[in-house]
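Down below is the structure, laid out as structure tokens.
The values are calculated or read from the model by the stated rules, or taken from the named source; none is laboratory data. The model shown is predicted, which means the values in this text are computed figures rather than measured ones. Cβ coordinates were reconstructed from backbone atoms using ideal geometry, including for glycine residues, and neighbour counts include every protein chain displayed. Note: accessible area is taken over every heavy atom of the protein model, side chains too, but ligands, DNA and RNA are not part of it. Shrake-Rupley method; radii C 1.70, N 1.55, O 1.52, S 1.80 Å.
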Amino acid sequence: MKAIIKKALCMGLLISLSHFSYSQIFALGIKAGMTTGPAKFEGIDDRFVDGINSGNVLGYEAGVMGRLKLGPIYARPEVLYNFTSGDAGYTTTTSASGGSQTTHFQIHRLQLPVLIGFNLVGPLLAIEAGPMYTYTISGTNNYSGLEVNFNKNGLGYRAGLASKLGPLQLSLSYQGVKTSSGPGNARFSQPSAL
């Protein structure tokens, strides 16, 4: 019986050590945050004067992230669900009043940033940047009875600072996203978001 307990303890210790070594190189975690910044639709046909613009929209994001440590450099892929909403202003040429109008819009997106980071002061301060793919799951496309379609695929970037405090990582990032326009599609962009 004592031999079985000793073997179980040794096996548990070996598993713990291998997990500890592995977790020093690769770790998984959850991520949540907020975004704010302007948003706009451009490249719309002549029914809209100067596109559809929003000065400041709020967004929320949540998802999972990985972290692969390679000395002072690390790679951090993320899979994030992003919800953005705000009021968008526009002027239409078909409006009976001919004036400016506002519509509350929402956009649901899947974002896949892959950040490369460099630890400046150990894990306490790092800079990170990388490309980001965005897929729009759904979004408001009716503005005063006029339908606006936009490309669901977009590319962008994310860059910022990060600080790892034990199991918690805090980051402040700046990002930009833009979809391409095409026949019958407007171009959606968030040129800068914090």
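Once all Cα-Cα distances of the range 103-184 are split into 5 Å bins that start at 0, what whole-number percent is in each one?
In order of increasing distance, the bins hold 3, 13, 18, 17, 14, 11, 9, 7, 5, 3, 1 percent.
For Ala129 and Phe26 in the same chain, what is the full-extension length gain: residue separation times 0.36 nm, less their Cα-Cα distance, in nm?
Taking 0.36 nm per residue and subtracting the Cα distance, the gain is 35.2 nm.
Could you derive backbone 3J(HN,Hα) for the range 112-121 from the dihedral phi with the Karplus parameters 6.51, -1.76 and 1.60 (θ = phi - 60°), listing whole Hz in sequence and x where the residue is Gly or Pro?
Listing the rounded values in order: 10, x, 10, 9, 10, x, 9, 6, 7, 10 Hz.
Using the Karplus curve 6.51 cos²θ - 1.76 cosθ + 1.60 with θ = phi - 60°, what ³J(HN,Hα) values do you get for each residue of the range 61-70, in whole Hz, with x for Gly and Pro?
9, 8, x, 10, 9, x, 9, 10, 8, 10
How high is the FRET efficiency between Ser144 and Asn56 when r is their beta carbon distance and R₀ equals 25 Å, given to the nearest 0.05?
The value I calculate is 0.75.
Pulled fully out, how much extra length does the chain show between Leu172 and Tyr81, if you take 0.36 nm times their separation in residues and subtract their Cα-Cα distance?
Full extension from Leu172 to Tyr81 adds 31.0 nm.
Each residue of the range 170-179 in order: what ³J(HN,Hα) in whole Hz does its phi give by Karplus 6.51 cos²θ - 1.76 cosθ + 1.60, θ = phi - 60°, with x for Gly and Pro?
10, 9, 10, 10, 10, 9, x, 9, 8, 9
Relative contact order of the range 73-194, please, whole-number percent, based on alpha carbon pairs below 8 angstrom and at least 6 residues apart.
19
How many nm is it between the label spots at Val64 and Ile137, if each spot is 7 Å from the Cα in line with the beta carbon?
The answer from the label model is 1.5 nm.
How big is the accessible area of Thr35 in square angstrom, nearest 10, if you roll a 1.4 angstrom probe over the protein chains?
Number for this one is 10 Å².
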